[in-house]
Amino acid sequence: MRLFGLIGKTLKHSFSKVYFTRKFAELGLTDCRYENFELPSIDDFKALLDSHPELEGLNVTIPYKEEVLPYLHWHTQVVREVGACNCIKFVEGRLYGFNTDVVGFKKSLQKVLAPHHKKALVLGTGGGAKAVGYALKELGIAYLYVSRTKQSAGLTYDEVDGNIVKDHLLIVNTSPVGMYPNMDAAPVLPYEHLSANHLLYDLIYNPAKTLFLKKGEEQGATVSNGQEMLELQAEENWRIWNSPLTL
């Protein structure tokens, strides 16, 4: 039996297990199984590996995308620059780390991106934000991080005024604000300064339309959620797990 899975702290509403279980059924892969592995702490990761030597691949979600790095034997340059890993490939007992969030976000964003989207605000500073920043850099889009507390390079939410919103026509939410079950919350922004030229992208996929996106729509902005990004990164995970390892 080929075993794949997901590690994280709370996985009740995980996308990955549903996606891969359906994929295995559609492909007739009766020898493949995907399981959720909730870990109270990253310190429990070693015990998980010892008890499941048949593991071939793992996805990693919050809060362990950064904490899992010391357990890897090798990782890509993207993982090194982003500082986060969401995909692990097992080869002869060694763990190889990848970041497929970058691929998923970049491919998804390109479908809705317009030429005037030259400057972006990235809400949040976690592993997802860093993956988004890496993809934006590859696309030649300048960006600023926005967080609750002052960072060395970025803004606080209090500093984001109408002029900044008007000057940054792409806004990407990588924070968990607005995620189920707290669907009545949204990042604190001057939404009244949004326009039809804006694109709001939310990495959250549950609910499908967060309050952040609804507020953007009310101002005529184009909106997109994280569902397609998840599907694209899942397919990239599957490709990595089934391809020869190339370093």
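Throughout, read-outs are computed from the coordinates displayed, never taken from laboratory work. These numbers come from a predicted model, not from an experiment. Quick reminder, even Gly has a Cβ in these numbers, built from the backbone with ideal geometry, and neighbours come from all protein chains shown.
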With just the Cα atoms defining each centre, how far is the range 117-142 from the range 9-47? Give it in Å. 28 Å
How big is the gap, in Å, between the Cα center of the range 158-190 and the Cα center of the range 53-83? 28 Å
State whether the range 103-228 is rounded, prolate or oblate according to the following rule on the C-alpha gyration tensor (a ≥ b ≥ c being the square roots of its eigenvalues): a/c under 1.5 gives rounded; otherwise a/b larger than b/c gives prolate, and the remaining case gives oblate. rounded
³J(HN,Hα) across the range 136-149 via Karplus (A = 6.51, B = -1.76, C = 1.60, θ = phi - 60°), whole Hz, x for Gly/Pro? 4, 4, 4, 8, x, 9, 6, 8, 10, 7, 10, 9, 6, 10
Quick one: length gained pulling Asp44 to Asp158 fully straight, 0.36 nm per residue minus the C-alpha distance? 37.2 nm
Mind checking the dipole of the range 2-98: about its Cα centre, +1 per Lys or Arg Cβ, -1 per Asp or Glu Cβ, Debye to the nearest 20? 280 debye
Alpha-carbon spread of the chain, three principal axes, descending order, Å: 55, 38, 33
Taking 8 Å as the Cα distance limit and 6 or more residues as the minimum spacing, I'd like the relative contact order of the chain as a percentage. 15 percent
Sorting check: for 89-98, 236-245, which peptide has the highest mean count of neighbouring beta carbons within 10 Å, and how do the rest follow? 89-98, 236-245
When a/c reaches 1.5 or more, the comparison of a/b and b/c decides; with that in mind, is the range 12-116 rounded, prolate or oblate per its Cα gyration tensor? oblate
Given Cβ point charges of +1 (Lys, Arg) and -1 (Asp, Glu) and nothing else, what value in debye, to the nearest 20, does the dipole of the chain about its Cα centre take? 340 debye
Give the angle, between 0 and 90 degrees and rounded to the nearest 10, that separates the Cα long axis of helix 227-241 from the longest principal axis of the Cα atoms of the chain. 30 degrees
Would you kindly derive the ³J(HN,Hα) couplings of the range 162-169 from the backbone phi angles with the Karplus curve 6.51 cos²θ - 1.76 cosθ + 1.60 (θ = phi - 60°), listing them in order in whole Hz, with x for Gly and Pro? x, 5, 5, 4, 5, 8, 10, 8
Global geometry of the range 42-98, whether rounded, prolate or oblate, following the gyration tensor of its Cα atoms and the 1.5 cut on a/c: oblate
Proximal aspartates and glutamates to Lys17, defined as alpha-carbon separation beneath 20 angstrom and excluding residues fewer than eight positions away on the same chain: Glu26, Asp31, Glu35, Glu38, Glu54, Glu56, Asp101, Glu228, Glu231, Glu235, Glu236
What are the lysines whose alpha-carbon lies under 19 Å from the alpha-carbon of Lys107, with same-chain residues fewer than 8 places away excluded? Lys118, Lys119, Lys130, Lys137
Farthest toward positive dipole pole in the chain [+1 Lys/Arg, -1 Asp/Glu at C-beta], among Leu136, Leu6, Leu29: Leu136
Would you list, by chain and number, the lysines whose Cα falls below 24 Å from the Cα of Lys12, excluding same-chain residues fewer than 8 positions away? Lys23, Lys46, Lys65, Lys89, Lys209
Per-residue ellipticity at 222 nm attributable to helices in the chain (runs of n ≥ 4 DSSP H, -39500 (n - 2.57) apiece, nearest 500 deg cm²/dmol) works out to -9000 deg cm²/dmol
Under a Cβ-only charge scheme (Lys and Arg +1, Asp and Glu -1), can you give me the dipole magnitude of the range 173-247 about the Cα centre, in debye to the nearest 20? 60 debye
Along the range 80-86, Karplus-curve 3J(HN,Hα) (6.51, -1.76, 1.60; θ = phi - 60°) to the nearest Hz, with x for Gly and Pro, reads 5, 6, 6, x, 8, 10, 10
If you build a Gaussian network model of the chain, linking Cα atoms that sit under 10 Å apart, which residue out of Leu109, Leu136, Leu189 swings the most? Leu189
